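Since the structure comes first, as structure tokens, the remarks are kept for the end.
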Amino acid sequence: MRRTSLEKVVLLQKNPANIRNLCILAHVDHGKTTLADCLVASNGIISSRLAGKLRYLDSREDEQIRGITMKSSAISLHYGHGDQEYLLNLIDSPGHVDFSSEVSTAVRLCDGAIVVVDAVEGVCPQTQAVLRQAWLENIRPVLVINKIDRLIVELKLSSQEAYAHLKKILEQVNAVMGSLFTSKVLEERAEKEEEKEEKDGEPSIGGQVYDWSAGLEEVDDSHLYFSPDQGNVVFASAIDGWGFSIQQFASIYSPRMGIKTAVLLKTLWGDFYLNTKAKKIMKGAQVKGKKTLFVQLVLDNIWSLYDAVVTRRDKEKVEKVVTSLGVKVMARDLRHSDPKVLLSAICSQWLPVSQAVLSMVCEKLPSPLDITAERVEKLMKVGARQFDSLPKDTQELKTAFLQCSSEEDAPLIIFVSKMFAVETKALPQHRQRPLTQEEICERRELARQRHADRMAADQTAAQSQSESPSQDGQPAALCTAKMESLTLRESRPEEEEPTETFVAFARVYSGKVKKGQKVFVLGPKYDPARGLSTLPEGCRAADVVPEVPHLSCCSTENLYLLMGRELEELEDVPAGNVLGIGGLEDCVLKSATLSSAPACPPFTPLNFEATPIVRVAIEPTHPSDMPKLVRGMRLLNQADPCAEVLIQETGEHVLVTAGEVHLQRCLDDLRDRFAKVEISVSKPIIPFRETVIRPPKLDMVNEELGRQHKVAIIHQVKDEASQGRSSDTLHVDAGGLVTITTPNRLATVCVRAVPLPEEVTRLLESSAEVIRTLEQVNMSLREGKNLDISLGTVEAIGGLKAQLESLLLGRKWRNAVERIWAFGPRRCGPNILLNGDEAYRRPSVWQCLGRGDAAGEAAGQTAALRDFDNSIISGFQLAALSGPMCEEPLMGVCFSVERWDMQSAAPPQHQDSLEEDSPSREASDSRVEGSSATGSREEGAEGGRNQAGRRQEAGPADCYGPVSGQLIAAMKEACRHAFQAQPQRLMAAMYTCDIMATAEVLGRVYGVLGKREGRVLHEEMKEGTDMFIIQAVLPVAESFGFADEIRKRTSGLASPQLVFSHWEVIGSDPNWVPTTEEEYLHFGEKADSANQALKYMNAVRRRKGLYVEEKIVEHGEKQRTLSKNK
């Protein structure tokens, strides 16, 4: 097929009914890019012979070397199906788990997806992940079962066995879809039940048994599943260039057999066989031991072709096959030594994979006009707000979405899913274009003129030289040449132009975007209600716009058609198309919503499957290159949807990535593209958490504690150590209650640390956004602002409170939820500060749930706050941010303030002297305030605002004075000592590890996992194959080099997929010493066996420059000086 012209593509863009926006999703190495090559070759962009070898959409060098896709790439294809012409905007996405963020950016812009599954490996972990991502974005998938040639060549299955195997794969995929569908139906039903309860005022179920299956029977799920007879499944071998749907074979066999095509479509897949005597298609092939129609009419033909061409290489049979199929094969293909070349030549004409896949795409995937109302509402939700609660103008935009109109009056709505970097010289405006005949003649004349001038100058120079030699004895012509080169060098600009330009990867949902058009850029926190109230009616981006939070303006400088490795310049792009937009790098960081209407809400954030967890510190090899590195890291942060760049408190520049492969790609980009300087990279910074647990019941030799005799000497040493902690201002009792007094003796705080239940910790960690919103609401109430809280936000906060109440049960946690003082660290973490002081009744953190007159009540509650309340919170936040073990954040710890006594700042008799000395006191106060602010940088801004709001109410007490600073420090120390009074443990970040391996290398996989502190959770064998699927958990700290080691040990037969899962407590105590006779006998006096927790703790302390208790010299008396051995 000839390559489609740009004019033709522009024409096709104007008909949204015939546009298909689709992406290819699959597990790593299941054949996405090879399939994309076959589809690209159908448009004549690459040769069909190179399809699968070129990997056209893998344009990066490291993608070609590693053989995996690392970024989403788009290309526009033209396809004629019947009498209609279609424009297909195809996006190829990565399958490696480290780059799952790229899948999210692709899925958001599409209406449909091709899910590719390997016929041998079947449904893999990443297949489930991409199906879930497609489901969450409400896009329709179709299925391609790829690599069927492996069933013939590698597994040597018969056609009957292959049919059973393919049926199982189809069941596996449909099982994943069914589980997603079931969970959705049950969620919707639960919501309806809640609404019904609220309306009726009483529970609808009462004491009856809840039937979870009810509601599933009524819902239509016929559209949900993949089935060849529905036309949404293609069987293919992309590397050999063939693929088919049963529709193709139905149309082939219908005239030959005299059976209607509709009948064949229903019976070609399933338990049907052909009764040759009765000449009828009958059911029950399996029971009667007959070949099914699919095996007899489809698979047997493919198997016999492979047998003739690949296995036996029977030339006579090949010639018969070629003649019967009516295909033309070149003589050089018949003579080729590689049988796959001949096979590809035959199959690509008989059953071209591009035709099968593209026909299915055109028939089964929706156009931009078919976008569902449910998907539109999901995209337009602002935060926790429901669609119905949005302003009227915003709700009216739903019609624009559904109409997908490109009229002049239609509002422009664009979503940018990511920014990607392109070399400036690769942009269309900088590309060299072919010269016209007139330009060639003009250049020829100029060259002749220049040559004639040079010859005349040389002749003149030669004459002058013969008359008088130059000053330095050099020829004058040489001097002239040097002067010319110097002039040229000086004329060059000193500042080098940026070599990388950012292009936005976007889709137009409504309206028509034009080159140079001014649009609004809506940040993720933009509120359309606030924007509409601030901006004048009918306001446009081209007007002078008043300042609105999270709203800015920019112009679309360039519009591009994305063609894989190339870009083509466009003047305008109508609705329903995927495009590239230039000139947004200063306005858009990673993703954004662009619109001509300020009523448009920002789209919901992208769903990222992988969490960035791998951290490294980066610095330039030459310190003078630091500005270049900072600029390069800023560009990298913009170019990668998942990478995070931050500066730690220590001043280190830290890069956070999703995994090892992702980290390597980011470092290569930084070194070669963005910073272009030599960089030094630290060892990965492993994150840990610190926690406390309940006192253990068993010792290190699994003996029950409390029954053994303590080893006197060691016990005595421990007692001395614990006594050493008590002083005149600090007291720790046997129950773990810490009493601390500030140095000025004005405040006393009693704090106790208690471990939180595991479920509560998980809930707090997952609800960080809700807690952050709750904190912002409470701050507004304390400042006396009347904040309009959306119903969705109130529901989310109420749901969190209800869940906490259901989890914190028992005598110890009575009224604990109502007594919550703060969450931490950073006011939204998985630790709680409880108010256990009976004498102090402070306003509840849940006050926004039951407020009446907001302003009056808020003022009354603010007065109820005791002076220095925020100092206690700040001290807790500092303690929660860096624990005593190795300065890592705390997790799952509850600090209960049992008592808090405050005395007046100064006795009355000294009041005059204090007033006289006020200037010096104020100076010292400001110094303390400055040091306090430096110490509590994390929450200083918030605390400052709270205290500023209450400064007038505080009366004689000065919230910014030394009392405040001393109370913060005392509270922090109290929390740290209370933490140390309980059994302390480290928490390690854990990966879930999915490994596919053959039986012969299973032992080696277990060996590598065991060596790296891994734990196998589950192992099962895939039916019909010799592959095992192993599910394990592995500490992030032990994961570096894990994938390479597994591949080396198993000769490439096993490959792991690592995804961050959870935090897990390390069982061993890092400060453990033997305290019982049994432990003393078992571990010895020094107890120097490997302690994993101590190893991790010391590594973190060493990296942070903290004191590490370790012996450098083991046996000092054995050392000797070298001078004695002379």
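The values are calculated or read from the model by the stated rules, or taken from the named source; none is laboratory data. Because the structure is a prediction, the values reported are computed rather than measured. Here the Cβ positions follow ideal geometry from the backbone for every residue, glycine too, while neighbour counts run over all protein chains shown. Please note that ligands, DNA and RNA were not included when accessible areas were found on the heavy atoms of the full protein model with its side chains. Shrake-Rupley method; radii C 1.70, N 1.55, O 1.52, S 1.80 Å.
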Collect the residues in the range 396-418 that are farther than 18 Å from LYS14 by Cβ and of a type in the set (D, E, K, R), keeping them in residue-number order. GLU396, LYS398, LYS418
Please enumerate the residues belonging to the range 145-189 that are small (Gly, Ala, Ser), open to solvent by less than 40 Å² (accessible area, probe 1.4 Å) and either farther than 30 Å from CYS347 by Cα or not in a helix (DSSP H, G or I) (or both). GLY178
Taking ASP370 and the conditions (1) buried (at least 21 other Cβ atoms within 10 Å of the Cβ); (2) under 25 Å from ALA36 (Cβ atoms), which numbered condition does it fall short on, given that it satisfies the others? (1)
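Take the residues in the range 103-138 that are more than 27 Å from ALA997 (Cα to Cα) and acidic (Asp, Glu), then tell me which one is modelled with the highest pLDDT. Give the steps one after another, and end with the answer.
Of the residues in the range 103-138, the ones more than 27 Å from ALA997 (Cα to Cα) are 104-113, 134-138.
Applying the additional criterion that residues be acidic (Asp, Glu) yields 111, 137.
Details: ASP111: 92, GLU137: 88.
The qualifying residue modelled with the highest pLDDT is ASP111.
So if I check each of GLU649, GLU660, which one is touching a residue at least 60 places away in the same chain (Cβ under 8 Å) and loosely packed, with under 14 Cβ neighbours inside 10 Å?
Values: GLU660 fails: loosely packed, with under 14 Cβ neighbours inside 10 Å.
Checking each option against the conditions leaves just GLU649.
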Name the one entry in ILE647, ILE685 that is within 24 Å of VAL97 (Cβ to Cβ), modelled with pLDDT under 90 and either touching a strand residue (DSSP E or B) at 6+ places or on another chain (Cβ under 9 Å) or of a type outside the set (A, V, I, L, M, F, W, C) (or both). ILE685
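For the range 1-113, list the helices (runs of 4 or more DSSP H) that sit wholly inside it and hold at least 1 residues that are under 17 Å from ILE239 (Cα atoms), open to solvent by less than 30 Å² (accessible area, probe 1.4 Å) and among the charged types (D, E, K, R); which are they? Even if it seems obvious, please write down each step before you answer.
Working: elements: 6-13, 32-41, 61-66, 100-108.
It comes to 32-41.
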Positions within the range 947-997 being touching a Leu at 6+ places or on another chain (Cβ under 9 Å) and modelled with pLDDT under 80, in sequence order: ARG950, GLU953
Any chance LEU606 is at pLDDT below 90 and among the hydrophobic types (A, V, I, L, M, F, W, C): yes
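Listed residues LEU25, LEU11, LEU35; which is within 21 Å of ASP370 (Cβ to Cβ) and either among the β-branched types (Val, Ile, Thr) or at pLDDT 90 or above (or both)? Explain how you work it out, then say what you get.
Values: LEU11 fails: within 21 Å of ASP370 (Cβ to Cβ); LEU35 fails: within 21 Å of ASP370 (Cβ to Cβ).
The match here is LEU25.
Select the helices (runs of 4 or more DSSP H) contained entirely in the range 241-328, then report the ones holding at least 1 residues which are closer than 30 Å to LEU342 by Cα and open to solvent by 30 Å² or more (accessible area, probe 1.4 Å).
Values: elements: 246-257, 261-267, 285-288, 300-306, 315-325.
Here the list reads 246-257, 300-306, 315-325.
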Can you find a residue in the range 542-550 that is charged (D, E, K, R), assigned to a loop (DSSP other than H, G, I, E, B) and either under 30 Å from LYS8 (Cα atoms) or open to solvent by 60 Å² or more (accessible area, probe 1.4 Å) (or both)? yes
Condition first: under 16 Å from ILE1046 (Cα atoms), under 29 Å from the mean Cα position of the chain (by Cα) and assigned to a strand (DSSP E or B). Now tell me which residues in the range 977-1026 satisfy that. TYR991, THR992, CYS993, ASP994, ILE995, MET996, ALA997, ARG1015, VAL1016
If a residue has to be in contact with a helix residue (DSSP H, G or I) (Cβ under 6 Å, 6 or more places away or on another chain) and at pLDDT 90 or above to count, how many in the range 510-564 make the cut? 1
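Has the range 589-598 got at least one residue that is among the basic types (Lys, Arg), in contact with a strand residue (DSSP E or B) (Cβ under 9 Å, 6 or more places away or on another chain) and under 25 Å from LEU11 (Cβ atoms)?
To start, the set of residues in the range 589-598 that are among the basic types (Lys, Arg) comprises 590.
Subset that is in contact with a strand residue (DSSP E or B) (Cβ under 9 Å, 6 or more places away or on another chain): 590.
When the remaining residues are screened for being under 25 Å from LEU11 (Cβ atoms), the result is none.
The answer is no, given that none of the residues of the range 589-598 is among the basic types (Lys, Arg), in contact with a strand residue (DSSP E or B) (Cβ under 9 Å, 6 or more places away or on another chain) and under 25 Å from LEU11 (Cβ atoms).
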